[in-house]
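Below: the structure, in structure tokens.
Just so you know, all these numbers are worked out from the coordinates, no wet-lab data involved. Being a predicted model, the structure only gives us computed values, none of them experimental. Cβ atoms come from the backbone with ideal geometry, glycine included; neighbour counts cover every protein chain shown.
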Amino acid sequence: MAEEKAKIVVLLHAYYLDDSRVRRHCEWLAKCQKDITVICLNKGQESKCSMENDVRIIRAPVSRSESKSKLSYMLEYFLFFLYCCYKATVLSLIKRPKLIIVNNMPNALVFAAFVPRILGVPVLLDVHDLMPELCDVVFKGKAKLLRKILLFEEKLSFMFASHLMTVSYPVKKLLKKRTLKPLHVTHNSPSQLTVVDKKEQQEVKILFHGNIHERYGVQRLIEPLSNLEKKGYEFSFDIFGKGPYTQELIKQTASHDFITYQGSFMPVDVPNILSSATVGVIMNYPNPSNDFALPVKMLEYVANRVPVICPKLPIIKEYFSEESVFYFTDDSDLQEVMETMLGDKNLRRQKSENALEDFNSISWDKEKEVYLNFIEACYEL
């Protein structure tokens with residue numbers, strides 16, 4: 001008689017198919033003979049229930065708010081929380097899950113698993129983002145009361161959860177100052193992507209792909225690249241993604257023929273997007289949130305042997321040496337670093353190889369068995 005699969009319920013306040021981390025974890029657990037059910041948001045036109053690579057997806061009748069008002073955000077969170085409370089309770093009574101995995105934001109989503117927790121089901125909180133630090137950035141350090149509330153929310157959520165997991169060692173080090181509970185680390189490294197034979201084209205193709213927010217700083221490239229074009233360098237700059245800064249960025253780049261806005265993309269599109277890239281750019285401003293965020297798109301560049309230009313953020317320097325990436329300090333030396341990159345094909349190749357060596361220690365292929373063991377330990381203790 002075949003052994004019954006361990007049932008795991010995953011709560012995600014996002015669109016499952018768009019969340020590379022959660023999707024990667026769920027599909028790996030399903031491949032390892034776990035029965036995975038994900039409760040997530042619905043874009044509106046998606047089916048209420050579906051199967052994707054042996055993962056069962058239940059979509060709440062809640063979508064991302066199109067309005068940017070605080071009230072609409074609160075209503076969205078509240079409605080999704082209520083739906084998760086209902087579904088998690090029903091599933092805990094019917095399916096008898098071994099584990100509930102909750103992905104922040106928000107941390108307080110763990111309380112949707114209140115009934116399963118009372119019934120003895122362990123709850124794992126996966127901390128993707130630091131909400132107090134993000135608050136500092138969004139409100140420019142002026143929302144001190146909100147920051148205190150978010151720290152309190154974080155503390156209560158950590159106390160309620162049975163287990164904690166996060167995305168990097170620097171984040172773990174920071175959170176250890178705010179909780180006594182152990183934290184497991186599984187990095188946001190991509191699954192093994194389709195690595196193409198990167199025979200560089202004559203024209204250098206610079207790439208940015210990801211969320212388009214002002215705080216991610218892609219607009220900082222316009223002036224130095226314009227100056228380099230005037231000096232006779234030949235290149236193109238492709239921008240993929242969407243976000244609240246998209247329309248403003250389109251306006252700023254409209255007069256520059258070398259810049260093309262390519263629109264939004266899905267995670268499955270990433271290998272094709274990267275296949276012709278000469279170099280990838282990370283432009284995050286130093287701030288309390290970015291200082292602890294190891295950019296997923298940077299790891300995707302590195303895994304695909306695309307050399308990277310990035311700021312000297314503490315978390316990036318933790319993982320990648322000066323020999324592995326093109327570091328710039330701030331806007332004052334960005335043009336000089338770009339010019340060095342454009343003028344030295346061999347240096348680009350060498351840095352991409354060095355970066356791949358640095359990356360291998362945190363690659364998904366290296367961590368996935370450790371992750372599986374950790375998940376099983378969460379419900380077997």
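Within the chain, what percent of beta bridges assigned by DSSP are antiparallel, to the nearest 5? Within the chain, antiparallel bridges account for around 10 percent of the total.
For region 288-364, GluC sites (Glu not before Pro) are listed when DSSP marks them as loop and at most 15 other Cβ atoms sit within 10 Å of their Cβ; the list is Glu322, Glu323. Under conditions of 10 °C and 1.306 mPa s, region 1-53 yields 133 µm² s⁻¹ as its translational diffusion coefficient, taking Rh as the Kirkwood radius over Cα pairs in the Stokes-Einstein equation.
Between the amide H of His184 and those of Leu164, Met165, Thr166, distances stay under 5 Å, these residues lying 5 or more places away or on another chain, with hydrogens modeled in the peptide plane.
For the listed residue pairs Lys70/Lys251; Lys251/Lys317; Lys43/Lys317, the alpha carbons are over 30 angstrom apart in Lys251/Lys317; Lys43/Lys317. Sorting the segments 86-93, 171-178 by their mean number of nearby beta carbons within 10 angstrom, highest to lowest, gives 86-93, 171-178. Note on Tyr169 and Leu82: their simple-model spin labels are 4.6 nm apart, each label 7 Å out from Cα toward Cβ.
Taking 10 °C and 1.306 mPa s as conditions, region 299-338 diffuses translationally at an estimated 150 µm²/s according to Stokes-Einstein applied to its Kirkwood radius (Cα pairs). Against the empirical curve 2.2 N^0.38 Å, the C-alpha radius of gyration of region 1-145 lands at a ratio of 1.09.
The fraction of all Cα pairs in region 204-360 landing in successive 5 Å bins from 0 to the largest distance is 2, 9, 20, 23, 23, 16, 6, 1, 0, given as whole percents. Across region 204-360, C-alpha contacts under 8 Å between residues 6 or more apart give a mean separation that, scaled by the residue count, equals a relative contact order of 24 percent. For region 283-381, the Cα gyration tensor yields ellipsoid semi-axes of 30, 17, 8 Å (square root of five times each eigenvalue, largest first, whole Å). How far, in degrees from 0 to 90, does helix 144-160 lean away from the longest principal axis of the Cα atoms of the chain, to the nearest 10? So the inclination is approximately 50 degrees. Computed from backbone phi, the HN-Hα couplings of region 117-128 come to 5, 4, 7, x, 7, x, 10, 9, 9, 9, 8, 7 Hz, rounded to whole numbers (Karplus: 6.51 cos²θ - 1.76 cosθ + 1.60, θ = phi - 60°; Gly and Pro given as x).
Listed values for region 161-169 are Karplus-derived 3J(HN,Hα) couplings in whole Hz (6.51 cos²θ - 1.76 cosθ + 1.60, θ = phi - 60°), namely 5, 6, 9, 10, 9, 8, 9, 6, 5, and x replaces Gly and Pro. The order of the peptides 45-53, 5-13 by mean Cβ neighbours within 10 Å, most packed first, is 5-13, 45-53. For the chain, taking the reciprocal of the average inverse distance between every pair of different Cα atoms yields a Kirkwood hydrodynamic radius of 22.1 Å.
Legend: residue pairs Lys142/Lys351; Lys87/Lys173; Lys48/Lys177; Lys48/Lys205; Lys172/Lys366; Lys172/Lys351, Cα-Cα distance threshold 30 Å; pairs beyond threshold, Lys142/Lys351; Lys87/Lys173; Lys48/Lys177; Lys48/Lys205. Around the Cα centre of the chain, unit charges on the Cβ atoms of Lys, Arg, Asp and Glu (plus for the first two, minus for the last two) sum to a dipole of about 1560 debye. One compactness figure for region 105-223 is 1.42, namely its Cα radius of gyration divided by 2.2 N^0.38 Å.
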